[in-house]
Amino acid sequence: MKLRIVLTFLFSIVMGVLSVVTAQPKIPVYLDRTKPIEERVENALSLMTTDEKVALCHAQSKFSSKGVARLGIPEVWSSDGSHGVSDEKIWDEWGGAGWTNDSCTAFPALTALAATFNPEMAMLYGKSIGEEARYRNKTVLLGPGVNIYRTPLNGRNFEYLGEDPYLASQMVVPYVKGVQSNGVAACVKHFALNNQEICRGEINVNLSDRALHEIYLPAFKAAVQEGKVWSIMGAYNKVRGEHCCHSDFLLNKILKNDWQFDGVVISDWGGVHSTDEAVNNGLDIEMGTYTNGLTTQGHFPFSSYYLANPFLEGIKSGKYDRTVLDDKARRILRMIFRTTMSANRPFGKFVSPEHSQAASRIAREGIVLLKNDNQFLPIAVGKYKKIAVIGENASRSLVVGGGSTSLKVAYEESPLQGLKDKYGEANIVYSMGYASGPSLYGRAEPSKLNADSLVNAAIEVARNADVVLFVGGLNKNYFQDCESGDRKSLSLPFGQDKLIEELLKVNKNTAVVLLSGNAVAMPWVDKVPAIVQGWYLGSEAGNALADIISGDVNPSGKLPVSFPKKLEDIGAHSFDKLCYPGDSVNVYYKEDILVGYRWLDTKKLEPLFPFGYGLSYSTFTWSKPSVDRTDVKTDGTVIVSFTLTNSGKVDGAETAQLYVSKPKSEVTRAAKELKAFKKVFLKAGESRLVTLKVPVSSFAYYNEKENGWDVEPGSYTLLLGNSSRDIKGTMNVKVL
Ligand code: BGC
């Protein structure tokens with residue numbers, strides 16, 4: 001009996017010990033990855049002190065802000081930029097930290113992506129760059145940029161997706177989804193109207209509600225509502241007198257109320273100017289304060305940021321409402337749970353062969369063939385013994401410079417190297433021809449090399465060659481394609497126009513390859529047999545260009561921006577200085593909704609090369625298009641169909657573009673607006689039925705009296721073409 005009691009006693013002790021050892025400790029809801037995000041957010045919020053919440057709302061270093069260390073909630077680490085993940089920076093400086101594991105893949109700049117006219121390329125791009133950001137443990141990738149190309153002088157156009165709101169919207173959505181599939185937040189920027197770099201920190205943009213909603217906001221709206229982007233960056237400039245980083249109108253009203261954005265508003269670096277406005281007007285995380293864009297180092301304590309101690313004191317004194325703080329903290333926590341604390345976050349990869357292939361595919365699809373007389377291109381391997389390559393852009397790094405997008409790359413295949421690899425080193429002779437000077441931020445320094453000697457040497461090389469490939473354009477120097485400054489003119493810099501003329505004098509077989517993020521004037525356009533617009537193509541630039549020039553790949557890019565004959569043909573340059581660049585206080589968008597081809601077409605100005613334009617080595621024939629109905633309701637859809645045939649000898653792609661025009665309207669309308677496009681790949685000789693679907697709601701204009709979108713009833717013309725100027729067929733529909 002005694003033994004039984006003892007055994008029972010011992011058994012219960014053992015069971016007790018075992019149950020203590022094996023019992024699962026109850027994890028708090030915010031750490032339970034099986035719980036819905038909103039529950040986790042609320043739970044975390046309920047456990048945090050006021051100080052901890054405020055600490056989420058401002059930087060702790062140049063590119064990071066705090067998490068909640070006590071609760072194991074990670075910090076937020078962001079990185080530039082749109083076309084490659086930047087190197088690690090010194091804690092509170094712009095300078096590189098000198099790590100040896102952070103040399104990235106450079107993807108083509110976003111104008112090149114836009115030129116693919118292929119949303120699948122945008123998805124591939126987003127997914128690939130997102131993988132690089134994930135591997136590098138970033139929470140936020142500071143891109144893509146979707147500011148609309150208003151003037152070819154804007155130094156940052158290369159970071160954006162062109163001049164058309166529909167094209168930019170179609171491309172930004174898959175990019176965002178691709179990035180975020182890696183558990184990394186995309187950050188669309190710069191919201192909004194940062195369409196010039198001159199006076200960008202202060203300039204107050206004055207524009208109509210129509211221009212705002214029809215031209216400058218759609219890509220942001222698509223990123224928010226269709227792309228479900230998790231963060232957005234405010235712009236440096238002002239609108240309606242308020243800085244965009246704390247604009248009640250843009251952030252509270254439009255973004256958070258009308259569009260129901262549930263993510264985080266991050267300031268541009270140094271874009272915050274007031275605690276009251278930052279607290280109340282929709283900003284969530286303040287970055288880069290006390291730095292002027294990229295120019296000034298900040299050695300101020302982070303605790304003195306507008307959203308740091310001044311915010312905390314205001315909360316404690318009752319000046320600021322606690323619900324405002326909770327709203328910011330909630331959004332930041334939501335972003336953290338969507339990214340670094342997500343259950344399904346993949347691991348990413350960095351500089352993988354797949355990323356090189358992605359960069360190369362996008363580059364090849366984005367290169368635009370502008371001119372090709374008598375099939376000057378392609379130049380088959382073995383056709384010529386001596387190919388002269390002239391021009392600094394053939395050998396200069398084009399991933400370095402430009403401001404915040406400057407990259408430290410694992411490799412960059414230059415055009416010169418690409419051509420050597422393709423045609424054989426022995427068949428290529430190189431001469432620089434012109435020199436631009438070092439890549440500096442905020443100032444330009446001319447090259448110390450003697451310009452005349454460079455020209456003379458190039459002429460001699462060109463004279464003795466079978467064919468000349470001039471590789472020039474702009475670069476990432478200040479006053480070129482570079483942040484914080486705009487270009488000074490539409491012309492090619494560094495004496496290139498003159499050089500091209502000189503080369504043509506000694507060798508008529510001179511083709512021009514332009515690498516730039518902007519349109520340039522081409523006074524020699526009629527004299528050269530072939531022109532290729534190559535943008536900035538990243539790590540695979542040389543391979544992609546050589547593939548196009550040799551014909552291994554058939555060009556299929558289309559211009560995402562108009563190339564005007566002269567600057568004054570652009571809407572923003574058709575008025576006085578107040579229209580561009582403004583008087584340093586205000587700028588007035590007098591061209592209103594008529595941006596890019598909308599202006600050129602409506603004002604009947606002939607462009608040098610139109611929006612949507614690009615040649616192929618193949619030819620395509622188009623059947624007469626038809627529309628599935630002639631009468632349609634405002635909430636209906638029209639479907640346009642036609643047969644496209646590759647009537648040439650090589651496989652290739654053509655991009656069908658559908659524009660809509662409203663001949664008689666109660667408001668000003670552009671002559672035509674892009675409403676649908678489809679890139680179609682066809683084998684030589686192949687035909688395919690192509691359909692383009694257009695919701696009639698997209699015919700709407702923004703009605704300023706009613707503050708909403710209105711589809712006018714009546715007749716519309718649908719124009720199907722392979723550019724904004726080459727229309728293959730028109731159809732009429734009546735909206736009832
Ligand atoms: C740029 C942003 C960039 C940030 C951080 C700013 O000057 O405008 O686009 O993300 O710097 O480098």
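The values are calculated or read from the model by the stated rules, or taken from the named source; none is laboratory data. Bear in mind that the values here come from a model prediction, so they are computed numbers and not experimental data. Note that each Cβ is placed from the backbone with ideal geometry, even for glycine, and that neighbours are counted across all protein chains shown. Remember, those area values only see protein heavy atoms, side chains included, never the ligands or the DNA or RNA. Shrake-Rupley method; radii C 1.70, N 1.55, O 1.52, S 1.80 Å.
Things to note:
- For Asp80, the residues 5 or more places off, or on other chains, whose built amide H falls under 5 Å of its own are Ser86, Leu142.
- Heavy atoms of the protein chains alone define the surface here; on that basis region 541-606 has 34 Å² accessible area per residue at 1.4 Å probe size.
- Expressed as a fraction of 2.2 N^0.38 Å, the C-alpha radius of gyration for region 99-156 is 1.31.
- Cα-based helix-to-principal-axis angle, 541-550 vs the chain, degrees rounded to 10: 30
- Given charges at beta-carbon only (K, R positive; D, E negative), |dipole| of the chain in Debye: 1480
- Violating pairs (Cα-Cα greater than 31 angstrom) within the set Lys177/Lys603; Lys221/Lys705; Lys565/Lys693; Lys408/Lys508: Lys177/Lys603; Lys565/Lys693; Lys408/Lys508
- Cα Rg over Rh - region 161-222, Kirkwood: 1.02
- The alpha-carbon atoms of region 521-588, seen along their principal axes, cover 50, 31, 16 angstrom, with the largest extent given first.
- When every Cα-Cα distance of region 270-421 is counted in 5 angstrom steps from zero, the calculated P(r) takes the values 2, 6, 9, 11, 11, 10, 10, 9, 8, 7, 6, 5, 3, 2, 1, 0 percent.
- Three-way shape call for region 568-646 based on the alpha-carbon gyration tensor, with the a/c threshold at 1.5: oblate
- Long-range amide H partners of Leu161 with built H, under 5 Å: Asn147
- Where only alpha carbons of region 271-343 are counted, the Rg and the Dmax (Å): 13.7, 39
- Residue-count net charge about Ala222 - beta-carbon cut-off 15 Å; Lys, Arg +1, Asp, Glu -1: +1
- Sequence-separation-based contact order of region 626-736, relative, with Cα cut under 8 Å and 6+ spacing, percent: 34
- Where trypsin sites (Lys or Arg not before Pro) fall in DSSP loop in region 657-736, at most 13 other Cβ within 10 Å: Lys664, Lys683, Lys705
- Looking at region 212-268, the GluC sites (Glu not before Pro) that sit in a DSSP loop and have at most 15 other Cβ atoms within 10 Å of their own Cβ are Glu226.
- Counted charge near Glu501, where neighbours are those whose Cβ lies closer than 13 Å (Asp, Glu -1; Lys, Arg +1): +1
- Value of [θ]222 nm, deg cm²/dmol, for the chain, DSSP H segments ≥ 4, -39500 (n - 2.57) each, nearest 500: -7500 deg cm²/dmol
- Extent along principal axes [Cα atoms of region 359-413; Å; largest to smallest]: 42, 24, 18
- When the residues His213, His299, His273, His355 are ordered by accessible surface, computed with a 1.4 Å probe over the protein chains alone, the sequence from largest down reads His299, His273, His213, His355.
- Loop-resident chymotrypsin sites (Phe, Trp or Tyr not before Pro) (DSSP state other than H, G, I, E or B) in region 394-477 with no more than 14 further Cβ atoms inside 10 Å of their Cβ: Tyr411.
- Percent accessible area from carbon and sulfur atoms, the chain, protein chains only, probe 1.4 Å: 53
- Its Cα gyration tensor gives region 397-540 an equivalent ellipsoid, and the semi-axes of that ellipsoid, as √(5λ) in whole Å with the largest first, are 25, 18, 14.
- Averaging Cα coordinates gives a centre for region 253-305 and one for region 332-391; these two points are 33 Å apart.
- Each of Phe158, Phe350 has its accessible area taken with a 1.4 Å probe; listed largest first, they run Phe350, Phe158.
- Alpha-carbon spread of region 125-249, three principal axes, descending order, Å: 41, 28, 25
- Each distinct pair of alpha carbons in the chain adds a 1/r term; the inverse of their mean, the Kirkwood radius, is 27.1 Å.
- Separation of alpha-carbon centers, region 218-244 and region 31-98, rounded to whole Å: 21
- Tensor-based shape of region 463-617 (alpha-carbon gyration tensor, a/c under 1.5 rounded, otherwise prolate or oblate): prolate
- Relative to the longest principal axis of the Cα atoms of the chain, helix 451-463 runs at roughly 60 degrees.
- Rounded to 5, the percent of DSSP beta bridges in the chain classed as antiparallel: 60
- Global geometry of region 198-271, whether rounded, prolate or oblate, following the gyration tensor of its Cα atoms and the 1.5 cut on a/c: oblate
- Over all other residues within a Cβ to Cβ distance under 13 Å of Ala112, the charged ones net out to -1, with Lys and Arg as +1 and Asp and Glu as -1.
- Listed residues Ser436, Val399, Pro523: farthest to the positive end of the dipole of the chain (Cβ charges): Val399
- Charge dipole magnitude, Cβ of K and R +1, D and E -1 - region 226-344, Cα centre, debye nearest 20: 220
- Dipole in debye (nearest 20) - region 551-653, about Cα centre, beta carbon charges: Lys, Arg +1; Asp, Glu -1: 220
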